[in-house]
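Undergrad: Can you keep this structure in mind? I'll have questions shortly.
The values are calculated or read from the model by the stated rules, or taken from the named source; none is laboratory data. The structure presented is a predicted model; accordingly, all values stated were derived computationally and were not measured. Cβ atoms come from the backbone with ideal geometry, glycine included; neighbour counts cover every protein chain shown.
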Protein chains: 2
Amino acid sequence: MTHFASFADLRAACHDLPAADAQAKAAAERRDARLTKPPRSLGRLEELVFWLAGWQVANPPRLERIDVVVFAGNHGVVAQGVSAFPAEVTAQMVANFAAGGAAINQLSAVAGAKLRVISLDLDAPTADFTAAPAMEERAFLAAVATGYDAIETADLLCLGEMGIGNTTAAAALAAALFGGGGVRWAGRGTGVDDRGLARKRAAVDAALARHAGVLDDPLRIAAALGGRELAALLGAALAARRRRIPVVIDGFVCTAALAPLAKLAPDGLAHAVAGHVSGEAGHRALLDELGLKPLIDLDMRLGEASGAAVAALVLRAALACHIGMATFAQAGVADKL
Amino acid sequence: MTHFASFADLRAACHDLPAADAQAKAAAERRDARLTKPPRSLGRLEELVFWLAGWQVANPPRLERIDVVVFAGNHGVVAQGVSAFPAEVTAQMVANFAAGGAAINQLSAVAGAKLRVISLDLDAPTADFTAAPAMEERAFLAAVATGYDAIETADLLCLGEMGIGNTTAAAALAAALFGGGGVRWAGRGTGVDDRGLARKRAAVDAALARHAGVLDDPLRIAAALGGRELAALLGAALAARRRRIPVVIDGFVCTAALAPLAKLAPDGLAHAVAGHVSGEAGHRALLDELGLKPLIDLDMRLGEASGAAVAALVLRAALACHIGMATFAQAGVADKL
C-alpha cells in the first residue's frame, strides 16, 4: 500500500520522474523509415508508435494488455445545483459498469481492453468546495494513493472517471491552475440548462475566492477544488509514469485531474497523450494550456474513459502498421526517385 | 457486366438515386435516447449509427461485413515530373497489397474488413492530360463500369486508391469542379520537393487551359482530367448508393474522384462520410466544398483507403455502444432531474 505522508512527500514523487528511452524510440524511427510508404505519410500514427516505443522501452512496442481504469467519486458541490442528474447516478452508473451496460463496457471490448472500475467512498461526498476544502490533506493523499495502487502492469493505460458534479470540480481546478473564472471553464457537463450553467460558473468563482490562499500550489488546489476520483486519476498517472506505462487521457475532467502533474514538472505528462477533445466547453482550452493535441475530435462528452478507449483503437491501428508492414527491400518496391 | 453507353447514360444513373430510410433512422434515434448516457453525449458516434441505420434500412444496423476496395491506375501526367516516385511503384505496391505487406493490409485486419484490390490497365497509363484528355468517353465509361461491378453486398464500403501521379489528377479535378488553379489544389503528394510542386501546379493549370471546353460537365471533367482508378471510384460509389451501402471516403484523391456525384445531384454523396482529412494540401478545402466533416484528422496522407479503414474503427465503436448499452430502465439508472 502506497502512503504519501504529506503534500511535500507527494510533490517530491511528482518531481522524481523517469524519461522515455531514446534508444527504443530511435529504433522504432529507423524501422518506420524502411516501411513501404512515403516518409511520414502515416502522420500521427507514426509518432504514436515512437512514443509507445520510448515509454515501453521496447521496439516494437506491444499492445497485448490495454487497461481501462475508471475512478468514481461524489461531490458536495452538487448541492449548488450544478448537474442535470442527481448524485445517486454515480453509484447507479458504477453498477451499470459492473453489469456491462455502459458505453465504456462496449468500447473497452472493441478496443480489446480490460476495464476496471474503482469507487472512492461514494457514500461520503467531498465537502462543498464553495464553503470548505473539498478534501483535507489526509483524505486527498489517501485518494491519490488509491489511484496509485490501482495501476497494474500493462502496455497502455486509458484513464477515465464517473462522478455527478465533477465537471464543476474540473472547471474549478482548471481555473485555479490556469487563470480565468467560471465563464472560461464551466460547460454544460451532462446537459445543464442556462440556469444550471450560471450556477456552475458561480460555484467556480466562489471556490476561487474561498481558496485564494492555496492557488500557488497545484497539489493544494487539487485537494481543495478537486474530488476523490480526480485525485485518484492523478495518483494513477503518477504510478504509470514511474513504471513507464504510456497513458491515454480521456476528457475534460481527466485532463484537469492530471494537469497538476504538468504544473509540478515541465514534462510531467510526457508519458500521456490526449485521447480526444470533448464537447465540454473548456476542454480544448485546457489541452492548449497543456500543449496536448487530441487524437480524436468527435464531440463526445461522456467521460467514463470513452474518448480514451476510442483513441486506443487508433493506437492499435498505428502499431499494426509498424509491426506488419513490409520494408521497401522486402516488397521489392522502388524507393524515392 | 454493367455498361454505360454514353456520358448521358451515366449522368442519368447519377440522378436516379435512392434515399436513406427515414423509419430505420428514427428507430435508431429512439433507441439511442433510452441508453444510459446523457443525451448526445456520444456526439458523432450517435450520428454515425443513425446514418448507418438509414442507409442499411435496418435498426440496429450491422457491420458484419466491411469491404475495403482499392483501385489502382497509372497516369500519363507522370511524364511532367509531378511525383516523387516512379510510375512502376503503382504495380509494385499492388504486388505488396497482394502479399499483405502494405499499410492497408494491416489496417483492414484491425478493422475486421475484407480487402480487395482492383488494377485498371496499369500497363497502359492514361494520356497526359496537359496535352490530351486523360480518357476518351469510352475508356472512361469502361473504368466507371469496372468500379461499379466491383461492389459486392456489404454492410459498409471503404474506398481507396493507389496510383503514382494521381494527386495531380485529383488536384486538376478539384480545380475544374470548384474553381481555383494549381496553387489552390496541388500539394506535395508522396513528397515532391519545391520544384516538383511547381511542376504539379503548372500541370494543373495547363490541364485547365487545355480542357476549358468541358468544364461545365462534371463527367467530362472526370474523363479529361481524372484517371482510371478515379473513374472506378466514382462507379463504385454510385453502385453503393444504388444498393444503399454506406460508404467511407478516404483522402484527397478519393474525395476528388467522388465529387462529380455531388455536382450532378445535390445529395449525391449523402450515403458517404469522409473518413478523414488528410495532410495533402487541398483536402480540407475540398471537404469544405462538399460539406463533408471528417471523422479523423491525424495528418495521414498515404491513400490506399488507409484513412477510411481507421475511420471504420470509429464506426465499430459507435455501433458497439448502440447495440450493447443498457437502457435507463434496464440499468435502474435515474434519468435527468
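Undergrad: Does residue A:314 satisfy the criteria of being over 12 Å from the mean Cα position of the chain (by Cα) and under 29 Å from residue A:112 (Cα atoms)? Can you show your working first?
TA: Values: over 12 Å from the mean Cα position of the chain (by Cα): yes; under 29 Å from residue A:112 (Cα atoms): yes.
For residue A:314, the condition - over 12 Å from the mean Cα position of the chain (by Cα) and under 29 Å from residue A:112 (Cα atoms) - is met.
Undergrad: Filter the range A:39-95 for residues that are buried (at least 22 other Cβ atoms within 10 Å of the Cβ), within 8 Å of chain B (Cβ to nearest Cβ) and not small (Gly, Ala, Ser) and give the result.
TA: Result: A:42, A:45, A:85, A:89, A:93.
Undergrad: Among A:305, A:317, A:329, which is the only one that is touching a residue at least 12 places away in the same chain (Cβ under 8 Å) and touching a Gly at 6+ places or on another chain (Cβ under 8 Å)?
TA: A:305
Undergrad: Out of curiosity, is residue B:8 surrounded by fewer than 24 Cβ atoms within 10 Å (Cβ to Cβ) and under 19 Å from residue B:306 (Cβ atoms)? Full working, then the answer.
TA: Values: surrounded by fewer than 24 Cβ atoms within 10 Å (Cβ to Cβ): yes; under 19 Å from residue B:306 (Cβ atoms): no.
Spelling it out, it is not the case that residue B:8 is surrounded by fewer than 24 Cβ atoms within 10 Å (Cβ to Cβ) and under 19 Å from residue B:306 (Cβ atoms).
Undergrad: Another question about this same structure. Might you let me know whether the range B:117-129 holds any residue that is surrounded by fewer than 17 Cβ atoms within 10 Å (Cβ to Cβ), under 30 Å from residue B:210 (Cα atoms), of a type outside the set (Asp, Glu) and within 14 Å of chain A (Cβ to nearest Cβ)?
TA: No, every residue in the range B:117-129 fails to be surrounded by fewer than 17 Cβ atoms within 10 Å (Cβ to Cβ), under 30 Å from residue B:210 (Cα atoms), of a type outside the set (Asp, Glu) and within 14 Å of chain A (Cβ to nearest Cβ).
Undergrad: Further question on the same structure: Given (1) buried (at least 18 other Cβ atoms within 10 Å of the Cβ); (2) at pLDDT 95 or above, identify the lone condition not met by residue B:189.
TA: Failing condition for residue B:189: (2).
Undergrad: Still on this structure: Could you list, in sequence order, all residues of the range A:33-47 that are charged (D, E, K, R) and in contact with a Cys (Cβ under 9 Å, 6 or more places away or on another chain)? Quick ask: steps written out before the conclusion?
TA: Initially, the range A:33-47 is screened for residues charged (D, E, K, R), giving A:34, A:37, A:40, A:44, A:46-47.
Selection gives A:37, A:46.
Undergrad: Applying the selection to the range B:131-164, what residues are within 30 Å of residue B:61 (Cβ to Cβ), among the β-branched types (Val, Ile, Thr) and in a loop (DSSP other than H, G, I, E, B)?
TA: Listed by number, the residues that qualify are B:151, B:153.
Undergrad: Taking the range A:1-38 as the region of interest, how many residues are assigned to a helix (DSSP H, G or I) and within 14 Å of chain B (Cβ to nearest Cβ)?
TA: Residues in the range A:1-38 being assigned to a helix (DSSP H, G or I) and within 14 Å of chain B (Cβ to nearest Cβ): 4 in total.
Undergrad: Would you check if residue A:105 is within 30 Å of residue A:199 (Cβ to Cβ) and free of Cβ contacts under 8 Å to residues at least 24 places away in the same chain? So that I can check it myself, show each step before the final result.
TA: Values: within 30 Å of residue A:199 (Cβ to Cβ): no; free of Cβ contacts under 8 Å to residues at least 24 places away in the same chain: yes.
Criteria not met by residue A:105.
Undergrad: Would you be able to tell me the number of residues in the range B:67-102 that are among the aromatic types (Phe, Trp, Tyr), out of contact with any Asp or Glu (no Cβ under 7 Å at 6 or more places or on another chain) and either without any contact (Cβ under 8 Å) to a residue 12 or more places away in the chain or not in a helix (DSSP H, G or I) (or both)?
TA: The number of residues fulfilling the criteria is 1.
Undergrad: Tell me the helices (runs of 4 or more DSSP H) entirely within the range A:282-337 that contain at least 2 residues that are within 9 Å of chain B (Cβ to nearest Cβ). It would help to see each step written out before you state the result.
TA: Numbers: elements: A:283-290, A:306-324, A:328-331.
Output list reads A:306-324, A:328-331.
Undergrad: Take the range B:1-41 and flag every residue that is in contact with a strand residue (DSSP E or B) (Cβ under 9 Å, 6 or more places away or on another chain) and either within 16 Å of residue B:61 (Cα to Cα) or not polar (S, T, N, Q) (or both).
TA: Result: B:31, B:34, B:35.
Undergrad: While we're looking at this one, here's another question. Output the qualifying pairs, or none if there are none: Cβ atoms under 7 angstrom, residues six or more apart or on different chains, first residue in the range A:253-268 and surrounded by fewer than 24 Cβ atoms within 10 Å (Cβ to Cβ), second residue assigned to a helix (DSSP H, G or I) and basic (Lys, Arg).
TA: A:264/A:11
Undergrad: Cβ-Cβ under 7 Å, sequence separation 6+ or interchain: first residue in the range A:279-295 and charged (D, E, K, R), partner not in a loop (DSSP other than H, G, I, E, B). Which pairs?
TA: The qualifying pairs are A:280/A:167; A:280/A:252; A:289/A:178; A:293/A:274.
Undergrad: Tell me, yes or no, whether the range B:197-216 has at least one residue that is closer than 30 Å to residue B:108 by Cα and in contact with a helix residue (DSSP H, G or I) (Cβ under 8 Å, 6 or more places away or on another chain).
TA: Scanning the range B:197-216, I find no residue that is closer than 30 Å to residue B:108 by Cα and in contact with a helix residue (DSSP H, G or I) (Cβ under 8 Å, 6 or more places away or on another chain), so the answer is no.
Undergrad: Being under 19 Å from residue A:222 (Cα atoms) and either away from chain B (no Cβ under 14 Å) or in contact (Cβ under 8 Å) with a residue 60 or more places away in the chain (or both) is the requirement here; does residue A:238 meet it? So that I can check it myself, show each step before the final result.
TA: On the way: under 19 Å from residue A:222 (Cα atoms): yes; either away from chain B (no Cβ under 14 Å) or in contact (Cβ under 8 Å) with a residue 60 or more places away in the chain (or both): yes.
Considered against the rule, which asks whether it is under 19 Å from residue A:222 (Cα atoms) and either away from chain B (no Cβ under 14 Å) or in contact (Cβ under 8 Å) with a residue 60 or more places away in the chain (or both), residue A:238 comes out as yes.
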